[in-house]
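Everything on this sheet refers to the single structure shown next.
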Amino acid sequence: MALNAGADIRGRGKETRGRGREPGHDLKSGSTIVHQGDALTQAVANGQGATARMLIETGKIDVNPSRTERHHSPLWWACYFGHTNLIRLLLSFPGTDINAIDGLGKSALEGAIQGKQLRSVLTLLDYPQLNLRARRGPNPVEYAIYEETQDITCALIRDPRSDPNGGKQKWRPYEPSREPLLRAMRFGQPDVIRCLLQHPDIETRGSDLGWTPIFLAACIDSPAAVQTLLAMPETDPHAPDSEGQTPLMVAVREGNPGTVGVLAKVKGTNLNHQDKNGDTALMLAASVNNVQIIAFLLNCEGVDPDIKNHAGHSAVMRTRSPLVKELFMQPQARNLYLNPEEFDPFRFDPDGFDLDEFDPDGSDPDGFYTESVNSESEGTESEDSESL
């Protein structure tokens, strides 16, 4: 394997989400770029186990390079390329630190994650001294979610040493940040969401508003995460938070049409539910003049626009916008501002799945899913739409 001795592998700039390759790896030629003066690193990167053993046994090479040296450690390279025999070889010598940070600020575990090498991760997990807690920045679980490696992420989560909550918030030290769960929801990783929620130490309810995971998914507009959570028997999509608002109302308030469309179809949803102030989802949409969500809710069967809150205001009284008031007064105007694709993201997404056919485990024990309320859109449904 050719080596480029003069290349700089420091990798300037921000990493691209899910790229999975270090700047020191030439994807086109397959060549490995390592530091010229480190013979051990070159041997490891090239998969030369006998040479690596010979160099280590001389006792003249440090397997843990100084952080002042701007290159990766031999163990990082072994993990990055999935050389499990070399990983075990390096860790068999007493001087090798499995948690050492190299000159580029990376650990061996991060090398395995960045290289998307599940076998390297599983090999490292066999060592009890491996640190799975955050040393700085994101912990390994968060880093794996960022790199979009669901199999690796789940392997890390299942290890009892992992931290499923991502530490504590600096601005709110009494409440877990739940950053791994939020990242998995944002990146649409259903396997990771399920693994996190099955972890015995996962925090499923915050100490402030009492939000369960489905509230988080509704807030950040992640319809795929909402679907994943609805398929889990412990999810209650109708339970309100401490302010009396349901996940649907949170999605409306945040202006998330895709999540609104999914939650509005859940069996048993009360579209006229009122929070502690007596506000309904329609009132919340009117208060922020969200034309599309208002038009969608007004077209939903059972929505009562005449309900008044504790201050005696109806939904139309919560807005000063002439356009919004027109939606209440003239039903025919609603379709002008309603984009069905935004409220039914899976039916119209060729790479997604249909809510009416969604059945992730081959059963629907809780009966959450209902028939489509829009008969017109059923005719446009593709017969071969995929289902998770």
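The values are calculated or read from the model by the stated rules, or taken from the named source; none is laboratory data. The structure displayed is predicted, hence computed values, not measured ones. Don't worry about glycine lacking a Cβ; one is built from the backbone with ideal geometry, like all the others, and counts go over all protein chains shown.
Look through segment 148-164, keep the residues that are under 12 Å from residue 113 (Cα atoms) and surrounded by 23 or more Cβ atoms within 10 Å (Cβ to Cβ), and return whichever of them is modelled with the lowest pLDDT.
So, considering only residues that are under 12 Å from residue 113 (Cα atoms) and surrounded by 23 or more Cβ atoms within 10 Å (Cβ to Cβ), the one modelled with the lowest pLDDT is 149.
Name the residue that is surrounded by the fewest Cβ atoms within 10 Å (Cβ to Cβ), counting only residues in segment 298-318 that are charged (D, E, K, R) and part of a loop (DSSP other than H, G, I, E, B).
Restricting attention to segment 298-318, the residues satisfying the condition of being charged (D, E, K, R) are 301, 304, 306, 308, 318.
Those left that are additionally part of a loop (DSSP other than H, G, I, E, B): 301, 304, 306, 308.
Values: 301: 6, 304: 11, 306: 8, 308: 15.
Among those that are charged (D, E, K, R) and part of a loop (DSSP other than H, G, I, E, B), it is 301.
Do you know which residues across segment 96-148 are of a type in the set (Asp, Glu) and within 22 Å of residue 199 (Cα to Cα)?
Pass one, segment 96-148, residues of a type in the set (Asp, Glu): 97, 102, 110, 126, 142, 147-148.
110, 126, 142, 147, 148 - these are the residues of segment 96-148 that are of a type in the set (Asp, Glu) and within 22 Å of residue 199 (Cα to Cα).
Identify all residues within segment 279-327 that are hydroxyl-bearing (Ser, Thr, Tyr) and under 31 Å from the mean Cα position of the chain (by Cα); write none if there are none. Show your work before the answer.
To start, the set of residues in segment 279-327 that are hydroxyl-bearing (Ser, Thr, Tyr) comprises 280, 287, 314, 319, 321.
Hits for segment 279-327 are 280, 287.
Could you tell me how many of the residues in segment 219-249 are more than 14 Å from residue 193 (Cβ to Cβ) and either touching a Ser or Thr at 6+ places or on another chain (Cβ under 9 Å) or not charged (D, E, K, R) (or both)? Give the derivation first.
Residues of segment 219-249 more than 14 Å from residue 193 (Cβ to Cβ): 219, 221, 233, 236-249.
This time we only want the ones that are either touching a Ser or Thr at 6+ places or on another chain (Cβ under 9 Å) or not charged (D, E, K, R) (or both), so: 219, 221, 233, 236-242, 244-249.
Qualifying residue count, segment 219-249: 16.
Quick one: would you say residue 289 is assigned by TED's automatic domain parsing to the domain that holds residue 326, touching a His at 6+ places or on another chain (Cβ under 7 Å), more than 28 Å from residue 189 (Cβ to Cβ) and of a type outside the set (A, V, I, L, M)? Walk me through how you get there before you give the answer.
Values: assigned by TED's automatic domain parsing to the domain that holds residue 326: yes; touching a His at 6+ places or on another chain (Cβ under 7 Å): no; more than 28 Å from residue 189 (Cβ to Cβ): yes; of a type outside the set (A, V, I, L, M): yes.
It is false that residue 289 is assigned by TED's automatic domain parsing to the domain that holds residue 326, touching a His at 6+ places or on another chain (Cβ under 7 Å), more than 28 Å from residue 189 (Cβ to Cβ) and of a type outside the set (A, V, I, L, M).
Of the residues 196, 230, 216, 209, only one is at pLDDT 90 or above and more than 16 Å from residue 267 (Cα to Cα); which? Explain how you work it out, then say what you get.
Details: 230 fails: more than 16 Å from residue 267 (Cα to Cα); 216 fails: at pLDDT 90 or above; 209 fails: at pLDDT 90 or above.
Sole residue among the options that is at pLDDT 90 or above and more than 16 Å from residue 267 (Cα to Cα): 196.
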